[in-house]
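The values are calculated or read from the model by the stated rules, or taken from the named source; none is laboratory data. No experiment lies behind these values; they were computed from the predicted model shown. Please note: Cβ atoms are built from the backbone with ideal geometry, for glycine as well, and neighbour counts cover all protein chains shown.
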There are 2 protein chains.
Amino acid sequence: MSQSEIAAVNRTFEDAVRKGDLDRVASLYTADAMALPPDGPVVKGPANIKQLWASVAQQIGLKDVRLQTLDLQIAGDTAYEVGEAALTLESGAAAVKYVVVWQKRDGQWRLHRDIWNAKGA
Amino acid sequence: MSQSEIAAVNRTFEDAVRKGDLDRVASLYTADAMALPPDGPVVKGPANIKQLWASVAQQIGLKDVRLQTLDLQIAGDTAYEVGEAALTLESGAAAVKYVVVWQKRDGQWRLHRDIWNAKGA
């Protein structure tokens, strides 16, 4: 149940990135979420995370993202996921891996902690 | 309680890195831990994580690490931490930020998911 709900949020995340709908992306995070992008400080809250994604999308020319969950553990209203993301950029492809800590708030699973780095060769 | 126990494990981690005691570092991870270093694949289990740390320590000339917890949330036997690490290298200093998912196993808090990236300027 929770597993499919979280998968559905990941599909929404992908779709929102594809459409450049950063309000929708930001809405998938908790009010007190933290995102930890490489080479930058911790970014707190949906408004700042929206700005982060706008900046990232522009900098790398982000066209598409596909999230693949490698591991998902659920403990009550907290879950943590390990995954890989395949990015389509204007300049080609890139691969990152990530850990997301999820929280269920008001019946909705939301990204609460989001950190990623390059997958490498 | 759990907060101070987790802090104590972080102090042990720092001490073990400082002494180059990679067996001790590896012993702080769960049997099914995953570490996600930048520019590399997911590394699974204490034996492989020990190798990872040996390789990282040699590559970057790691002398000392100081972990600073920015946020720690505990939910039963799972906890998740956001923090920053100040690294002392042979070549100077470096700063990374991290997310660690902790699991309490047999009464001991252990690193279960460990991912980090550069803090940047």
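Being over 14 Å from A:Q103 (Cα atoms) and touching a residue at least 12 places away in the same chain (Cβ under 8 Å) is the filter here; which residues of the stretch A:12-34 pass it?
Those that are over 14 Å from A:Q103 (Cα atoms) and touching a residue at least 12 places away in the same chain (Cβ under 8 Å): A:T12, A:F13, A:E14, A:A16, A:V17, A:R18, A:G20, A:L22, A:D23, A:R24, A:V25, A:A26.
Would you mind finding the one in B:I60, B:I74 that is β-branched (V, I, T) and modelled with pLDDT of 95 or more?
None of the other options fit; the residue is B:I74.
Restricting to the stretch A:86-99, and then to whatever is among the hydroxyl-bearing types (S, T, Y) and part of a strand (DSSP E or B), can you tell me which residue is nearest to the other protein chains (Cβ to nearest Cβ)?
Only one residue fits best here, namely A:Y98.
For every residue, the table says whether it meets (1) outside any strand (DSSP E or B); (2) among the small types (G, A, S); (3) closer than 21 Å to B:Q73 by Cβ.
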| position | (1), (2), (3) |
| --- | --- |
| A:Q3 | yes, no, no |
| A:T12 | yes, no, no |
| A:A16 | yes, yes, no |
| A:K50 | yes, no, no |
| A:R66 | no, no, no |
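Answer yes or no: is there a residue in the stretch B:77-85 that is acidic (D, E) and more than 14 Å from chain A (Cβ to nearest Cβ).
no
Give me the residue from the stretch A:57-83 that is more than 15 Å from A:G20 (Cβ to Cβ), buried (at least 18 other Cβ atoms within 10 Å of the Cβ) and not small (G, A, S) and, out of that set, nearest to the chain's Cα centre (by Cα).
A:L67
Give A:A47, A:A54 a once-over and let me know the one that is of a type outside the set (K, R), within 14 Å of the chain's Cα centre (by Cα), surrounded by fewer than 18 Cβ atoms within 10 Å (Cβ to Cβ) and more than 14 Å from chain B (Cβ to nearest Cβ).
A:A54
Looking at (1) in a strand (DSSP E or B); (2) facing chain A (nearest Cβ under 10 Å), which is the only condition B:G120 fails?
(1)
Quick one: how many residues across the stretch B:100-115 are assigned to a strand (DSSP E or B), more than 12 Å from chain A (Cβ to nearest Cβ) and of a type outside the set (A, V, I, L, M, F, W, C)?
Of the residues in that region, 3 qualify.
Out of (1) free of Cβ contacts under 8 Å to residues at least 60 places away in the same chain; (2) within 15 Å of the chain's Cα centre (by Cα); (3) under 23 Å from B:G120 (Cβ atoms); (4) surrounded by fewer than 18 Cβ atoms within 10 Å (Cβ to Cβ), what's the single condition that is false for A:P41?
Going through (1) free of Cβ contacts under 8 Å to residues at least 60 places away in the same chain; (2) within 15 Å of the chain's Cα centre (by Cα); (3) under 23 Å from B:G120 (Cβ atoms); (4) surrounded by fewer than 18 Cβ atoms within 10 Å (Cβ to Cβ) one by one, A:P41 breaks only (2).
(1) surrounded by fewer than 16 Cβ atoms within 10 Å (Cβ to Cβ); (2) more than 14 Å from every other protein chain (Cβ to nearest Cβ); (3) closer than 19 Å to B:N117 by Cα: which one isn't true of B:R11, the others all being true?
For B:R11, the failing item is (3).
Is at least one residue of the stretch A:69-81 more than 20 Å from B:P38 (Cα to Cα), out of contact with any helix residue (DSSP H, G or I) (no Cβ under 7 Å at 6 or more places or on another chain), assigned to a strand (DSSP E or B) and of a type in the set (S, T, Y)?
yes
Considering every residue within the stretch B:108-118, establish whether at least one is hydrophobic (A, V, I, L, M, F, W, C), under 18 Å from A:K119 (Cα atoms) and buried (at least 20 other Cβ atoms within 10 Å of the Cβ).
Yes, the conditions are met somewhere in the stretch B:108-118.
Residues checked against (1) in contact with a Lys or Arg (Cβ under 9 Å, 6 or more places away or on another chain); (2) under 23 Å from A:D71 (Cα atoms); (3) among the aliphatic types (A, V, I, L, M):
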position	(1), (2), (3)
B:D64	yes, no, no
B:L70	yes, no, yes
B:V100	yes, yes, yes
B:K104	yes, yes, no
